[in-house]
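What follows is a set of notes on a single structure, which appears directly below.
The values are calculated or read from the model by the stated rules, or taken from the named source; none is laboratory data. All figures in this text were calculated on a predicted structure; none of them were measured in a lab. Positions of Cβ are backbone-derived with ideal geometry, glycine not excepted, and every protein chain shown enters the neighbour counts. In case anyone asks, the SASA skips ligands and DNA or RNA and just uses the protein heavy atoms, side chains included. Shrake-Rupley method; radii C 1.70, N 1.55, O 1.52, S 1.80 Å.
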Amino acid sequence: MSIRAYAKINIGLNILGKREDGFHNLETVFHLVNIYDELDLQPSSTIILKCDSTDVPPDETNLCLRAAQTIAGECHTIRGVQITLTKRIPVGAGLGGGSSDAAATLTGLNTFWNLNLSGQRLHEYALRLGSDVPYFLHRQSALATGRGDVLEYFPLDVGFWILIVAPGIQVSTPWAYRQLQPSDAPKIRLTKNLLLDSLEHPEKLSHSITNDFEQPVFHHHPELRKIKESILDEGAVFALMSGSGSAIYGFFTDPATIRAAASKLGKHFRTYLTPPHFQPAE
């Protein structure tokens, strides 16, 4: 059984403050892009994970393995599985690769082991693994609030070409949260209507859609700011860091322009293209 686990970008990311449980309240829109890992599930007497990337730990810290162990333990199954993970989503880039892999493991094993778990049960297991894991249980864009687990899925047709530049810098999300400084500056609250209006009028994007992690992360990694500036210089109508970084993406209106930008930036970094109106395959 083979499953695709797609990456996401954050179109806007507002951090609203720290919660009593230690997490942060936030607003963001998750949107899937055309980069994916592949998981192959095969029968086994035990739960085994194999991966083609040395960047992915094969031990208990791996979200895929934890997802499999969680669902097996909760469902009291003694069945095993060999998970072979082909890794294409850059690690530590703010693209949600580990979370997507975990969600794909949960949904895949629900079918592979014939568990017939409800969506609510899968959501509960996913939330134990990470705040953004529940999002990847469905293949649609979503406005995420709370700690990222309150999800309002909605159709989002992005009519731009999307260029993602992954510089190979791994940014720790807990570290990025610790760098945030309280601000009294007024914040434009992120809503579906604001995003949809901005996408229809690209000149509004840079004024209304921002990422609160950019300032502290760019301060520590100034090369990321230069990448964002380069994407804009190459013709993007909008550019933003995804999540807590380090990947930067840009929206382009013209295929020739984005291919030229990908070719130029691709001499130094990994680059990925997502076409307009992209819909992930099931």
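Key figures for this structure:
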{"read-out": "Between 0 and 90°, nearest 10: helix 97-112 axis offset from the chain longest Cα axis", "value": "30 degrees"}
{"read-out": "Whole-Hz ³J(HN,Hα) from phi, Karplus 6.51 cos²θ - 1.76 cosθ + 1.60, for region 251-267, glycine and proline x", "value": "9, 10, 9, 10, x, 5, 5, 5, 5, 5, 5, 5, 5, 5, 6, x, 6"}
{"read-out": "Those lysines that a straight Cα-Cα span of less than 23 Å connects to Lys87, excepting residues fewer than 8 apart in one chain", "value": "Lys8, Lys50, Lys267"}
{"read-out": "Answer label for volume of the Cα convex hull per residue in Å³ (calculated), chosen among (1) 109; (2) 138; (3) 128", "value": "(3)"}
{"read-out": "Structure-based [θ]222 nm, the chain - -39500 (n - 2.57) summed over DSSP H runs of at least 4, per residue, nearest 500", "value": "-9000 deg cm²/dmol"}
{"read-out": "Solvent-accessible surface (1.4 angstrom probe) belonging to Arg147, in square angstrom, nearest 10", "value": "40 Å²"}
{"read-out": "Estimated FRET transfer efficiency (Asp21, Val237; beta-carbon r; R0 41 Å; 0.05)", "value": "0.60"}
{"read-out": "Tensor-based shape of region 190-231 (alpha-carbon gyration tensor, a/c under 1.5 rounded, otherwise prolate or oblate)", "value": "oblate"}
{"read-out": "Anchor Lys18: lysines whose Cα lies under 17 Å away (excluding residues fewer than 8 positions away in-chain)", "value": "Lys187"}
{"read-out": "Among Asp21, Asp197, Asp52, residue whose mean-square fluctuation peaks in a GNM of the chain (springs only between Cα atoms under 10 Å)", "value": "Asp21"}
{"read-out": "Positive-end residue of Leu195, Leu163, Ile227, charge dipole of region 126-282 with Cβ unit charges", "value": "Ile227"}
{"read-out": "Cα-based shape type of region 134-246, given that a ≥ b ≥ c are square roots of the gyration tensor eigenvalues and the cut on a/c is 1.5", "value": "rounded"}
{"read-out": "FRET efficiency for Lys226 and Gln179, using Cβ-Cβ distance with R0 set to 22 Å, rounded to 0.05", "value": "0.70"}
{"read-out": "Rounded to 5, the percent of DSSP beta bridges in the chain classed as antiparallel", "value": "85 percent"}
{"read-out": "Sequence-separation-based contact order of the chain, relative, with Cα cut under 8 Å and 6+ spacing, percent", "value": "23 percent"}
{"read-out": "Farthest positive-ward along the chain dipole, Cα basis, beta-carbon charges - from Ser100, Gln279, Ile89", "value": "Ile89"}
{"read-out": "Contact order normalised by residue count of region 1-97, Cα under 8 Å, 6+ apart, percent", "value": "34 percent"}
